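Readers should treat all values here as calculations from the given coordinates under stated rules, not as data from a laboratory. Worth saying up front: this structure is predicted, and the values here are computed from it rather than measured. Using ideal geometry, Cβ is built from the backbone for each residue, glycine included, and neighbour counts are taken over all protein chains shown.
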Amino acid sequence: MQRFDTMTRTIYAPDQPPSFLARWASRLALFFAVVLPIALFMHRLFGLPTPVALNIAAACFAGAALVLLMAAVAGLDIWVTGRQGAARIVVATVLAAALLSVPLSLYVIGRKWPPINDVTTDLSNPPQFVNAYKTRSPGSNPLEYPARFAPMQQASYPDLKTLVVPRTAEETFELVHQALAKQKLTSDYEVPPNDDDGTPGIVEIADRTMILGFTDDVVIRVADDDGRSRVDVRSASRYGISDFGQNAERVRVLLKEIA
């Protein structure tokens with residue numbers, strides 16, 4: 001008759017130290033939960049470079065996923081051995097889940113808008129940036145308006161069209177400055193319209209989003225059209241795939257203010 005040895009479960013004494021993974025899972029979760037808001041706060045108020053802030057955020061989210069994995073392994077270890085550390089696993093899981101809910105929420109909310117980061121009122125001949133080439137850092141979005149954005153923008157924002165003003169280009173250019181002043185925006189680069197050679201007027205500004213402080217570049221073009229003026233506005237995000245509709249809303253506000 002064949003005999004089989006019986007495996008017994010090892011139960012650790014209650015006074016033994018908690019699980020190593022549970023201890024470090026809770027520590028890492030707390031660390032990432034503190035680092036992420038600090039990085040966002042430094043980016044919004046103290047000029048922390050956007051690429052640095054995004055890298056820190058990505059590291060925190062990746063770390064939160066690692067914490068969940070560590071918590072799962074530690075939970076299995078505690079269930080098998082009876083080792084202490086269940087409370088630490090709960091804390092680590094809650095904090096990691098809260099951190100991961102941020103990118104998940106952004107993904108769900110972002111599906112309401114098209115995956116574009118550059119909008120313009122003139123799809124066939126978008127206003128071109130001049131000064132933004134000097135201020136954008138390597139790794140930011142390209143300044144050329146992507147042709148693939150045009151059909152998506154037309155489908156999602158059909159109201160973004162060239163504004164025709166029944167005034168001369170010089171008068172309209174002044175209206176643009178008044179509109180920017182009301183929005184508390186200051187031009188970084190400008191060239192007034194020239195009637196002699198028909199050169200349009202250009203105004204460029206850099207605007208930051210309200211909450212996270214991401215910088216978007218805006219260019220306004222004022223062109224003469226037989227005594228009238230054609231005003232085109234383009235707004236482009238420096239970073240990110242989707243702008244969550246921020247650029248389109250900015251263009252609407254500026255056109256309404258100018259009108």
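For the range 99-206, which chymotrypsin sites (Phe, Trp or Tyr not before Pro) are both in a DSSP coil and crowded by at most 13 other Cβ atoms within 10 Å?
Details: sites: 107, 129, 133, 149, 173, 189; in loops: 129.
The qualifying sites: there are none.
Could you pull out every whole DSSP H run in the chain that spans at least 24 Å of Cα extent along its own axis and averages -1.0 or higher on the Kyte-Doolittle scale?
Values: long enough: 20-45 (38 Å, 1.45); 50-81 (46 Å, 1.82); 86-110 (36 Å, 1.99).
Going by DSSP H runs, the hits are 20-45, 50-81, 86-110.
How big is the dipole moment of the chain about its Cα centre under a simple scheme where the beta carbon of each Lys and Arg is +1, that of each Asp and Glu is -1, and everything else is neutral? Debye, nearest 20, please.
Details: 25 positive and 26 negative charges, 372 e Å.
With only Lys, Arg, Asp and Glu charged at Cβ, the dipole is about 1780 debye.
For q = 0.08, 0.11, 0.16, 0.18 Å⁻¹, what log10 I(q)/I(0) does the chain give under the Debye formula with an equal point scatterer on each alpha carbon and no solvent?
Log10 of I(q)/I(0), two decimals: -0.48, -0.71, -1.13, -1.31.
Among 115, 164, 133, which residue has its Cα furthest toward the positive end of the charge dipole of the range 16-173, with +1 on Lys/Arg Cβ and -1 on Asp/Glu Cβ?
Final value for the positive-end residue is 115.
If the only charges are +1 at each Lys and Arg Cβ and -1 at each Asp and Glu Cβ, what is the size of the charge dipole of the range 52-168 around the Cα centre, to the nearest 20 debye? Show your work: numbers first, answer last.
On the way: 9 positive and 5 negative charges, 25 e Å.
With only Lys, Arg, Asp and Glu charged at Cβ, the dipole is about 120 debye.
With a cap of 11 neighbouring Cβ atoms within 10 Å, and only residues DSSP puts in a loop, list the trypsin sites (Lys or Arg not before Pro) found in the range 100-182. Provide the component values of the computation, followed by the final result.
On the way: sites: 111, 112, 134, 136, 148, 161, 167, 182; in loops: 111, 112, 136, 148, 161, 167.
Those that pass, being in a loop and sparsely packed, are 111, 112, 148.
Which lysines, on any chain, are close to residue 184 with Cα under 26 Å apart, when same-chain ones fewer than 8 places away are left out?
Qualifying lysines at Cα under 26 Å: 134, 161, 256.
Using the Karplus curve 6.51 cos²θ - 1.76 cosθ + 1.60 with θ = phi - 60°, work out ³J(HN,Hα) for each residue of the range 208-219 in order, rounded to whole Hz, and write x for Gly and Pro.
10, 5, 5, 8, 8, x, 6, 8, 10, 9, 10, 10
Over 10 Å intervals from 0, what percent of Cα-Cα pairs in the range 136-259 sits in each interval?
Pair shares across the bins are 12, 43, 35, 10, 0.
For the pair residue 197 and residue 210, how long in nm is the line joining their label points, each one 7 Å along Cα→Cβ?
Output for this residue pair reads 4.2 nm.
Specify whether the C-alpha gyration tensor of the range 147-210 places it in the rounded, prolate or oblate class, a ≥ b ≥ c being the square roots of the eigenvalues: rounded for a/c under 1.5, otherwise prolate if a/b is larger than b/c and oblate if not.
Details: a/c = 1.89, a/b = 1.31, b/c = 1.45.
Since a/c reaches 1.5 but b/c is at least a/b, the shape of the range 147-210 is classed as oblate.
Given springs between every Cα pair under 10 Å in a Gaussian network model of the chain, which of 124, 101, 242 has the largest fluctuation?
Result: 124 has the largest fluctuation of those listed.
At a threshold of 8 angstrom on Cα-Cα distance, excluding pairs fewer than six apart, so keeping six or more, what relative contact order does the chain reach in percent?
Values: 395 pairs, mean separation 51.2, N = 259.
Contact order relative to length: 20 percent.
Could you please report the charge total around residue 227, scoring K, R as +1 and D, E as -1 over all other residues with beta-carbon less than 14 angstrom from its beta-carbon?
On the way: positive: 167, 228, 230; negative: 170, 171, 195, 224, 225, 226.
Value of the local net charge: -3.
Quick check on the range 16-153: take the gyration tensor over C-alpha atoms, sort the square-rooted eigenvalues as a ≥ b ≥ c, and tell me if it's rounded (a/c under 1.5), prolate or oblate. Numbers along the way, then the final one.
Numbers: a/c = 4.31, a/b = 2.54, b/c = 1.70.
The shape class here is prolate.
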